[in-house]
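The block underneath contains the structure these notes are about, expressed in structure tokens.
The values are calculated or read from the model by the stated rules, or taken from the named source; none is laboratory data. Bear in mind the structure is a predicted one, so any value in this text is a computation, not a measurement. Note that we place each Cβ from the backbone using ideal geometry, even for glycine, and neighbour counts take in every protein chain shown.
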4 protein chains.
Amino acid sequence: MIRFNCDYGEGAHPRVLQKLADTNFEQTPGYGEDEYCAQAAELIRKECKREDIAVHFIVGGTQTNLIVIAAALRTHQGVISAASGHINIHETGSIEATGHKVISLPDDGGKITAQQIEKYYLDHIHDESFEHIVQPKMVYISNPTEYGTVYNRNELVSISNVCRQYGLYLYMDGARMGYGLCAEGNDLDLPFITECCDVFYIGGTKVGALFGEAVVIKNEELKKDFRYIIKQRGAMLAKGRLLGLQFLALFEDGLYYEISAHADQLAEKIKKAFLDEGYSPLFPSSTNQQFFILPNSLLGKLKEKYSFATWGKFDDTQSIVRFCTSWATKEESVSDLVADIHAYAQ
Amino acid sequence: MIRFNCDYGEGAHPRVLQKLADTNFEQTPGYGEDEYCAQAAELIRKECKREDIAVHFIVGGTQTNLIVIAAALRTHQGVISAASGHINIHETGSIEATGHKVISLPDDGGKITAQQIEKYYLDHIHDESFEHIVQPKMVYISNPTEYGTVYNRNELVSISNVCRQYGLYLYMDGARMGYGLCAEGNDLDLPFITECCDVFYIGGTKVGALFGEAVVIKNEELKKDFRYIIKQRGAMLAKGRLLGLQFLALFEDGLYYEISAHADQLAEKIKKAFLDEGYSPLFPSSTNQQFFILPNSLLGKLKEKYSFATWGKFDDTQSIVRFCTSWATKEESVSDLVADIHAYAQ
Amino acid sequence: MIRFNCDYGEGAHPRVLQKLADTNFEQTPGYGEDEYCAQAAELIRKECKREDIAVHFIVGGTQTNLIVIAAALRTHQGVISAASGHINIHETGSIEATGHKVISLPDDGGKITAQQIEKYYLDHIHDESFEHIVQPKMVYISNPTEYGTVYNRNELVSISNVCRQYGLYLYMDGARMGYGLCAEGNDLDLPFITECCDVFYIGGTKVGALFGEAVVIKNEELKKDFRYIIKQRGAMLAKGRLLGLQFLALFEDGLYYEISAHADQLAEKIKKAFLDEGYSPLFPSSTNQQFFILPNSLLGKLKEKYSFATWGKFDDTQSIVRFCTSWATKEESVSDLVADIHAYAQ
Amino acid sequence: MIRFNCDYGEGAHPRVLQKLADTNFEQTPGYGEDEYCAQAAELIRKECKREDIAVHFIVGGTQTNLIVIAAALRTHQGVISAASGHINIHETGSIEATGHKVISLPDDGGKITAQQIEKYYLDHIHDESFEHIVQPKMVYISNPTEYGTVYNRNELVSISNVCRQYGLYLYMDGARMGYGLCAEGNDLDLPFITECCDVFYIGGTKVGALFGEAVVIKNEELKKDFRYIIKQRGAMLAKGRLLGLQFLALFEDGLYYEISAHADQLAEKIKKAFLDEGYSPLFPSSTNQQFFILPNSLLGKLKEKYSFATWGKFDDTQSIVRFCTSWATKEESVSDLVADIHAYAQ
């Protein structure tokens, strides 16, 4: 069985693992106050081209989301998210468990717009019962989104401008950041994202690390006492260096981009095969997640050899499925799949 | 200016106030452990025709909602509500502040259906990532709803059956319960509601009391330690008898129904005047809240003499407005309004 | 049975009740946005001799405490309190339910000192694991304390200075404020308290109102969006004017002080009787709560005619009891008690 | 510099790391639903000699504590802990952030007794204001404690009996479980602990793993929906197998005990050296943490070559310090230290 289910099926890129092995017997201070974390943070500051950003390393994405949001919001404030946003539907109410409402806006392929945000904000402040409604204070976007789509510069800068105008924090969930940055047609890069956002994270778990997300905080208000909150939420890894070391491996010589590009290119091949056979994508994606509407008959045949995620029924004869590549996906697995798509589609 | 804005513009029905005055110098135990609360609870048990229900008195509706939900749910559980439900949009995220997600379903005039609830529940348990999604454990309905509509016996029993089948608690917010029970065409009564629900409350604040809601708990699981939670949420009134006394006044000789019927009958007159002039209600209501779609030109004239709530723009020339009666609304105020509707509509 | 159990056994001072009756049929806006609340707030600003303070009215004390603290603290911050502080032991964990630790310091008769606070703060920031410990950010004191004692000017200004030096908010719980301000030997007044504290409340429930506490906020940081949080915690009374009206009655012509002095003077008579018979107070109090260590034999006799609170066993033959007077205590009740103390003590 | 600061200074035991490397390219399901987690859970069931226990793997200790407690308690309930308990003082209020009070009891060397627990429980239920006080529902003990001491069978069974009698859950924090089980004089083992506790965890982070704690749940009430809560608190590791693999390495052939015994034996040598020179331990410990009261002059000399944790000042000339060994401590490091203790102490 060849797995295209998800991008966290294997361990870590060998160079990541090697670095853990090489340093295994060193004694370092705990809780992220070691030299490796400092070096990795410095590398990320260089990638983002800003010296004044704070960088923290956290084990997983849900943890990161709830810590950032707990750090940012007062008790009566909520976070605006696409309806399909990970915090809204796939984190078992982690944000509500910190006391905050996720205010969902209808999305298009996982994306929301500056216009939607502005309208929601203005409707709120003009409502005569505004104090009876959760106050929006943060905007959460994912890039790439949960559907594999990406924001472009115009879209992101518009959202950023609306957020600044109305005093909303802009937070980007970058669980699959690398796959977005290396996608065909993408025009974002880390310095531009840093410029637009108050806080974001660069995902490691799905992009070559065993685990780990690097949180980048630009807004001074969000920097204060951030480590207290990491500890309070049970996210201050005793052997914090494990996170620093992995991000060192990913960023010291471009490995992060290299493996992200690899996954995106393989995903493009799969996409092309489906398109060539006349199938429709659910949304246009150039990243490592490809959602397609496929006939159940085809899926029945593919299932014998490949595993992938079924997202739901499209109609009586077709389903929505996701094929996912990663840093670990092999060229030959994709070649096999492409050949089989062409063979079975006939 | 004659006010039809809301049903909490005046103080209390004179008989309620009188009872507070009559007992003012008596010394009683605090925190709801006095004889008047015991008597009022007993009256309510009789109204509901069940001896084994627990009755607690709480000052306000938002407070009641958050206490009931905090008492019922474990940390990973959420409450299903109509999108228009009070807990979803008009309580400043009070439920989220207790740690729980409000799972909103699209509503029709404030109502949701057994079918919607069942579908949501089954989708959840059949989702392969079900543990990544908030677990639905309670259903919250308002009766009358925020739009003045009411559930009928068939609808309520269907919802109740679905809830029992899947282990969901059914909770009815009865902030305007009296106006529902006395509405033309209503077929619910308190014993039937008691039978169908695990917990509900009978609203006093909007139906003749200075303040106060009577929570009725039938399900044994929800009864346990309920007073601890009332205290924890700051809702255990030191002079708890003030609540008991008011509900005594409302229920000892049918005052609650008498004043509710009064408000409903006056609302019917307003409704009839609008219908006679050819205007459309937003939703069909026979309770004390009447939502109508009216021309801005008419509203302009009515505003000179009457105040009412504007719910939003319907189109370029019409708005949605709410006219609200209460136990305190005067016959002559309604007669004046009806005459003016006919005069101005021409 | 004559009750000296507590200061919330009766209803309200007749002038308070009269004002509710006089205005009962007026129609006013809800949620505290009426003219009476505005007038009462203005009166309190005059009492405090500061124009820039925000004044909010809330039904009860536990509610007030949890709202003020939820408004003030970020998630990793805690509030320092005397071990005997109401928030620490008698509010069913309401502060923890908002997510914050109550950091308890050993107290002397309910009071803590500037030195204790400073030491705790400095120990925290100098601890090498300081991020693993809740950050102290607010100091909570009660005046009078739960044991009836009061702070003097020197003590309060010292605490205030330490708080300012280290960026801690100072919050005074004034559930029995009147009884403190009118106590023999007290040198505090509302302008001085306003000067020293960031936020405090003037208790109504125990001092002549049916219910109600007036929160006074001086610190700008705590004023922002306070009403959102009142609503979120279920504390925005629909008929908010009921609170404004009561505080109008209490402050428009000095009633608050008049009835507080009455209670204190009666308490002094009780104290004198016990002292004259050679019994020891638990702590020195000149307010309406008198805690004494009394022989069980005496208590046995007093119990036949009077009720009072038993605080616990002192030793095999003596108990700690509290006698409490209030605005409603009658002169003759105290005369009877005093006579009986002298009679039974022989 | 030779470090005796803590037991999490190095990476992982080589056999643990090797297992991660060996399986690195395998594709497995995520979120702990893989075969390795299943095997590791089975091994732990065998160690505990009970087939019906649930086993979950979580990254860190604070995370584990807050998840177990969030899973166990209703909103008005609290957890009893030694004042020195990790949850009470070193987790930045993580338990309060889940809404629950930590009820601290004075401890003796980190330990509390069955008598203390019983007294606290009975005082609570007999208090006439019991509903105004947090309800105790769980007892948290650490074994070994934060001071390196251990409970014996008699003590543990007494605590367990009290807990059962009064319906309290018993939870043991076993962050350093191995060092306790292998300590000289210890009479506990995993089957006995399983018998006595409702839930406990076996620490990996400090005993040879890169990270990871194995939660063992015996009580059926606590098993239900546990994975939802793991996910909600951000603790469901995407590549969950990393946890399973590490516990496989630790338990498949006794490595856990072997390395624990190693650390304990080295700690005994350090203890003996201090005792031989006439110094006093803070509390008697036979585990890997040794707290001693030492003259500052001696510490000054030791600091040149060794690092260790300073716990505070004992008096003007002596300090309390902690020397900590681990699975990774080298024999020669301890020999050097012992020699230097004898040399400098003269």
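A few points about this structure:
- Region C:172-185, subset out of contact with any helix residue (DSSP H, G or I) (no Cβ under 6 Å at 6 or more places or on another chain) and more than 14 Å from chain B (Cβ to nearest Cβ), residue surrounded by the fewest Cβ atoms within 10 Å (Cβ to Cβ): C:G185
- Check on A:Y140, among the hydroxyl-bearing types (S, T, Y) and in contact with a Pro (Cβ under 8 Å, 6 or more places away or on another chain): no
- Only one of B:K269, B:K239, B:K231 that is within 14 Å of another protein chain (Cβ to nearest Cβ) and not in a loop (DSSP other than H, G, I, E, B): B:K231
- Restricting attention to region A:279-330, the residues being more than 18 Å from the chain's Cα centre (by Cα) and within 23 Å of A:L181 (Cβ to Cβ) number 4.
The rows are residues; the columns are (1) within 11 Å of chain C (Cβ to nearest Cβ); (2) within 19 Å of D:M177 (Cα to Cα); (3) buried (at least 20 other Cβ atoms within 10 Å of the Cβ).
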site	(1), (2), (3)
D:G109	no, yes, no
D:E118	no, no, no
D:I133	yes, no, yes
D:E146	no, yes, yes
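- Per-region count, region C:203-228, residues under 15 Å from C:D7 (Cα atoms) and either within 13 Å of the chain's Cα centre (by Cα) or facing chain B (nearest Cβ under 7 Å) (or both): 9
- Hey, D:A114 in contact with a Ser or Thr (Cβ under 8 Å, 6 or more places away or on another chain), of a type outside the set (K, R), surrounded by fewer than 17 Cβ atoms within 10 Å (Cβ to Cβ) and modelled with pLDDT of 95 or more or not: no
- Where D:S260 falls short, out of the listed (1) farther than 22 Å from D:G148 by Cβ; (2) outside the structural domain of D:I202 (by TED's automatic domain parsing); (3) among the small types (G, A, S): (1)
- With a requirement of 3 or more residues that are within 13 Å of another protein chain (Cβ to nearest Cβ) and out of contact with any strand residue (DSSP E or B) (no Cβ under 7 Å at 6 or more places or on another chain), the helices (runs of 4 or more DSSP H) lying completely within region D:33-90 that satisfy it span D:61-72.
- A:L255 out of contact with any strand residue (DSSP E or B) (no Cβ under 9 Å at 6 or more places or on another chain), more than 25 Å from A:S94 (Cβ to Cβ) and not charged (D, E, K, R): yes
- Single residue of region D:91-107 satisfying the filter (within 14 Å of chain A (Cβ to nearest Cβ) and assigned to a loop (DSSP other than H, G, I, E, B)) that is farthest from C:G99 (Cα to Cα): D:E91
- The condition of being closer than 30 Å to A:Y256 by Cα, of a type in the set (G, A, S), loosely packed, with under 15 Cβ neighbours inside 10 Å and free of Cβ contacts under 8 Å to residues at least 60 places away in the same chain holds for A:A339.
- B:S286 vs. criteria outside the structural domain of B:G208 (by TED's automatic domain parsing), surrounded by fewer than 24 Cβ atoms within 10 Å (Cβ to Cβ) and of a type in the set (S, T, N, Q): yes
- Boolean, D:S260 is buried (at least 20 other Cβ atoms within 10 Å of the Cβ) and outside any helix (DSSP H, G or I): no
- Failed criterion for B:T64 (all others in (1) hydroxyl-bearing (S, T, Y); (2) touching a helix residue (DSSP H, G or I) at 6+ places or on another chain (Cβ under 9 Å); (3) under 30 Å from B:L248 (Cα atoms) hold): (2)
- Matching residues, region B:316-336, being in a loop (DSSP other than H, G, I, E, B), more than 16 Å from B:K206 (Cα to Cα) and in contact (Cβ under 8 Å) with a residue 12 or more places away in the chain: B:T317
- Residue count, region A:272-301 (criterion: among the hydrophobic types (A, V, I, L, M, F, W, C), touching a Leu at 6+ places or on another chain (Cβ under 8 Å) and not in a strand (DSSP E or B)): 2
- In the set (1) without any contact (Cβ under 8 Å) to a residue 60 or more places away in the chain; (2) in contact with a Phe, Trp or Tyr (Cβ under 6 Å, 6 or more places away or on another chain); (3) within 14 Å of chain B (Cβ to nearest Cβ), the condition left unmet by C:Y166 is number (3).
- Qualifying residue in region D:110-128 (condition: touching a strand residue (DSSP E or B) at 6+ places or on another chain (Cβ under 7 Å), part of a loop (DSSP other than H, G, I, E, B) and closer than 30 Å to B:G234 by Cα): no
- Options D:L156, D:L210, D:L190: the member that is modelled with pLDDT of 95 or more and crowded, with 24+ Cβ neighbours inside 10 Å: D:L210
Matching residues to (1) more than 25 Å from C:L17 (Cβ to Cβ); (2) crowded, with 21+ Cβ neighbours inside 10 Å:
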{"residue": "B:I2", "(1), (2)": "yes, no"}
{"residue": "B:D22", "(1), (2)": "no, no"}
{"residue": "B:G30", "(1), (2)": "no, no"}
{"residue": "B:E33", "(1), (2)": "no, no"}
{"residue": "B:C48", "(1), (2)": "yes, yes"}
